[in-house]
Amino acid sequence: MPSHDECNTILSEQLDALTKMIARNELLDEVLRKSPELGLDQYYIGAGCIAQTVWNTLSGRPPHHGIKDIDWVYFDEDVSAAAEERMICRVQDLFHHLPVELDVKNQARVHLWYKQHFGYDIVPYASLEAAIRTWPTTATAIGVRKQRDGWNIYAPFGLDDLLGKVVKANKKQITKDIYEGKVARWIQIWPDLQIIPWE
């Protein structure tokens, strides 16, 4: 069993590898560098665009291969649709020149539309980190942002699965059908992923 110092060394090496891979994706890097201009504290760029950048790099593909959008999430207690629409416009105006869609969502209001989209209710998230802890797989449950003093990375399941190209369900909220639908799409683009079946 590794010692505390060995564990810290491993984590440091993983974080260094992750941030270097993210920086190689020019689109993602620009979003991370410019997002602080919006003046928010509670936001992350996360989920698929981070995991897929890693998978691409590890598989020798261009960093942006197969990435259809960039998830830009934030947390605002004003859960009105109008407030969210204003934030969507601010983010999209800042990055309108990029050839990729930015999917902007206030995680504080996800419970208001989740049932209509997925067929069942969820409880409101208490924080941005609480939302990330429910994201569909252990590899994609990750949020990243750049700050003046460096990186802020939230990865509640660690980085082993992400860096190992392992896809495993996070069963806190999703269903088997949702998981298997994602896996079916991903395996067509990244056939070297190690898929852990839903059990």
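Throughout, read-outs are computed from the coordinates displayed, never taken from laboratory work. The structure displayed is predicted, hence computed values, not measured ones. Every residue, glycine among them, receives a Cβ derived from its backbone with ideal geometry; neighbour counts consider all protein chains shown.
Between ARG86 and ARG185, how high is the FRET efficiency from 1/(1 + (r/R0)^6) when r is the Cβ-Cβ distance and R₀ = 35 Å? Nearest 0.05. Numbers along the way, then the final one.
Numbers: r = 31 Å, r/R0 = 0.90.
Computed FRET efficiency for ARG86 and ARG185 comes out at 0.65.
Can you work out the Karplus-derived ³J(HN,Hα) for every residue in region 140-155? Use 6.51 cos²θ - 1.76 cosθ + 1.60 with θ = phi - 60°, whole Hz, and x for glycine or proline.
Each residue of region 140-155 in turn: 9, 7, 8, x, 9, 8, 9, 10, 4, 9, x, 8, 10, 10, 10, 9 Hz.
Given LEU28, TRP190, GLY143, which one lies farthest toward the positive end of the charge dipole of the chain, if we put +1 on the Cβ of every Lys and Arg and -1 on the Cβ of every Asp and Glu?
About the Cα centre, the residue reaching furthest to the positive side is TRP190.
So if R0 is 22 Å, what FRET efficiency would TRP151 and LYS105 give, r being the distance between their Cβ atoms, rounded to the nearest 0.05? Intermediate results must be reported in sequence, preceding the final value.
Values: r = 22 Å, r/R0 = 0.99.
Given R0 = 22 Å and the Cβ-Cβ separation, E is 0.50.
With the calculation restricted to Cα positions, what are the radius of gyration and Dmax of region 4-164 in angstrom?
According to the Cα coordinates of region 4-164, Rg and Dmax are 15.8, 49 Å.
Restricting things to Cα coordinates, could you compute the convex hull volume per residue of region 139-199 in Å³? Walk me through the numbers before you get to the answer.
Working: hull volume 6.2 nm³, N = 61.
Roughly 102 Å³ of hull volume per residue.
Calculate the spin-label point distance for GLU129 paired with VAL79, positioning each point 7 Å from the Cα along the beta-carbon direction, and give it in nanometres.
With each label placed 7 Å out from Cα toward Cβ, I get 2.1 nm.
Whose amide H sits under 5 Å from the amide H of ASP76, counting only residues 5 or more places off or on another chain, with H placed in the peptide plane?
Those lying under 5 Å, H to H, from ASP76 are GLN107, ALA108.
What ³J(HN,Hα) values, in whole Hz, does the Karplus curve 6.51 cos²θ - 1.76 cosθ + 1.60 give for region 21-33 when θ = phi - 60°, with x put for Gly and Pro?
5, 4, 5, 6, 8, 4, 5, 5, 4, 5, 4, 5, 6
Could you point to the residue in LEU58, VAL79, ALA108 farthest towards the positive end of region 1-123's charge dipole, with +1 and -1 charges on the Cβ of Lys/Arg and Asp/Glu respectively?
Looking along the dipole axis, the top candidate is LEU58.
To the nearest 20 debye, what charge dipole does the chain have about its Cα centre, counting +1 at the Cβ of each Lys and Arg and -1 at the Cβ of each Asp and Glu?
Working: 22 positive and 28 negative charges, 76 e Å.
Computed about the Cα centre, the dipole is about 360 debye.
Tell me which residues come under 5 Å, amide H to amide H, from VAL167 once H is placed; ignore anything under 5 positions away on its chain.
Long-range HN contacts for VAL167: GLN194, ILE195, ILE196.
Convex hull over the Cα atoms of region 77-199, averaged projected area in nm²?
9.4
Taking amide H positions as placed in the peptide plane 1.01 Å from N, state which residues far from TYR43 in sequence (5 or more) or on other chains have amide H under 5 Å from it.
Under 5 Å from the amide H of TYR43: no residue qualifies.
For the pair TRP198 and ALA17, what calculated FRET efficiency results from E = 1/(1 + (r/R0)^6), where r is the Cβ-Cβ distance and R0 = 41 Å, to the nearest 0.05? Write down the numbers at each step before the final one.
Details: r = 29 Å, r/R0 = 0.70.
After rounding, the FRET efficiency stands at 0.90.
Name the residue, out of SER12, SER127, SER35, whose mean-square fluctuation peaks in a Gaussian network model built on the chain with Cα pairs under 10 Å.
SER12
Under the 0.36 nm per residue contour assumption, what length would be gained going from the current alpha-carbon distance of LYS34 and PHE118 to full extension?
On the way: separation 84, 0.36 × 84 = 30.24 nm, distance 3.24 nm.
Stretched out fully, the LYS34 to PHE118 stretch lengthens by 27.0 nm.
Quick one: 3J(HN,Hα) in Hz for region 110-116, Karplus 6.51/-1.76/1.60 with θ = phi - 60°, rounded, Gly and Pro as x.
4, 4, 6, 10, 4, 4, 4
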